[in-house]
There are 2 protein chains.
Amino acid sequence: MPVTSPSTRQPGRAPHERSTRQKRALAAVLDGSDAFRSAQDLFTELRARGENVGLTTVYNQLRALSDAGAIDALRGEDGEVRYRRCDTDHHHHHLVCRVCGRTVEVEGPEVEEWAATVAFAHGFVDVAHTVEVLGTCDGCAKRLRSGTVGR
Amino acid sequence: MPVTSPSTRQPGRAPHERSTRQKRALAAVLDGSDAFRSAQDLFTELRARGENVGLTTVYNQLRALSDAGAIDALRGEDGEVRYRRCDTDHHHHHLVCRVCGRTVEVEGPEVEEWAATVAFAHGFVDVAHTVEVLGTCDGCAKRLRSGTVGR
DNA sequence: ATTCTTGCAAACCCTTTGCAAGCTA
DNA sequence: TAGCTTGCAAAGGGTTTGCAAGAAT
């Protein structure tokens, strides 16, 4: 007598992912900005938009998305992790404005090479590297100069 | 009539710093290792050495030392800040072993230049950058290969 | 009906702060 | 003695987890 469970189900099968209002809402917010946003920040915006999504869910989703490689995660100086939808697929780094959070994706072949060379020279293998460039973007710099103090 | 406070005391005068058993103990631990260590880690080692130093004091000191530029502070992927006595004075980056924490200070003129160029190209000013190279050092790689599993 | 998803409540963990007692100079 | 330093206790802040109710398939 055959088992009742469908034969399509395999042992290591990835679980079926479901579409929910919360996931869609979070995705919309992520799509609507190209700056790195913290979980708390995203949560606040969701509430502002009238979307009722729990903070826990925001964390749950962000982790899932990050694990799946759908978003970039970056830990800031203050220890908060910030997330951002990643457009490009290839390896790249970020140029981030410390004032408005605006980010530009940049490439740096010479940096990749340098990292590999340096690591090799010291006998390190399985190398990864993090490179972030932080600065003040032109717009913010102008604003700051003109006396319109940021804070 | 002159004020009673000594005339040697100036308004913005830096406070007198005192030498204590705790400070010396922490300094000793920091000197005894050239890897980045977390506050908790340092605290544990102090206890292991039989030195009674409070966790709060470790944090207090590390912050003071860091503010004074006497030690380097680096926030890891896990959000913990790690500290390390910094030998060299000039700007440099770190090559860190993800297994044993061993670090090598490396320079990268090309990276500095790249960062400056990229930032300039996008109109960013007042630029800073963080570059960390993470890998597995030769010793650890060998140990892992030989089946002596790390965990 | 099944099982993934949600989100409240509470736990975690690192770090900071309040403050009274302790110690250095 | 003066006031920097210590460190217990407790608060803070971001993030994770337990788990029962809810929703998608």
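No value in this document is a laboratory result; all are computed from the given coordinates. Everything numeric in this text was worked out from a predicted model, so none of it was measured. As a convention, Cβ positions derive from the backbone with ideal geometry for all residues, glycine included, and neighbour counts pool all protein chains shown.
Some observations on this one:
- Ranked A:ARG63, B:ARG18, criterion: other C-beta atoms within 10 Å, fewest first: B:ARG18, A:ARG63
- Remark: the A:ASP78-A:ALA35 segment gains 13.8 nm on full extension, using 0.36 nm per residue and subtracting the alpha carbon distance.
- Bridging of A:LYS142 to aspartates and glutamates at a Cα separation below 19 Å is possible for B:ASP126, once same-chain residues fewer than 8 apart are set aside.
- Taken residue by residue and averaged, Cβ atoms of other chains lying within 10 Å of the Cβ of A:77-84 number 2.
- Paramagnetic label zone (point 7 Å from Cα along Cα-to-C-beta, A:SER19; backbone N under 18 Å) in the stretch A:46-75: A:65
- Local electrostatic count at A:ASN52 - Lys and Arg +1, Asp and Glu -1, tallied over other residues with Cβ under 14 Å: +3
- For the stretch B:89-105 versus the stretch B:55-85, the gap between their alpha-carbon centres in whole angstrom: 15
- Sorted shortest first, the separations between the A:GLY54 label point and its copies elsewhere in the assembly read 3.9 nm; each point sits 7 Å from Cα along the Cα-to-Cβ line.
- Convex hull volume of the stretch A:60-139 per residue (C-alpha atoms, cubic angstrom): 133
- Taking 7 Å steps out from each Cα toward its Cβ at B:THR130 and A:CYS100 produces label points 2.3 nm apart.
- Mean projected area of the Cα convex hull of the stretch B:42-91, taken over all directions, amounts to 4.3 nm².
- Distances, shortest first, from the label point of B:ALA35 to those at the same position in the other copies read 3.9 nm; the point lies 7 Å along Cα to C-beta.
- Local electrostatic count, B:PHE124, Cβ distance below 13 Å [Lys/Arg +1, Asp/Glu -1]: 0
- Using a cutoff of 8 angstrom between alpha carbon atoms and counting only pairs six or more residues apart, the relative contact order for the stretch A:61-129 works out to 16 percent.
- Relative exposure of A:PHE120, A:PHE43, judged by other C-beta atoms within 10 Å (fewest first): A:PHE120, A:PHE43
- For GluC sites (Glu not before Pro), no site in the stretch B:21-79 is both called loop by DSSP and has at most 10 other Cβ atoms within 10 Å.
- Neighbours of A:LEU95, meaning other residues whose beta-carbon lies under 10 angstrom from its beta-carbon, give a summed charge of -1 when Lys and Arg score +1 and Asp and Glu score -1.
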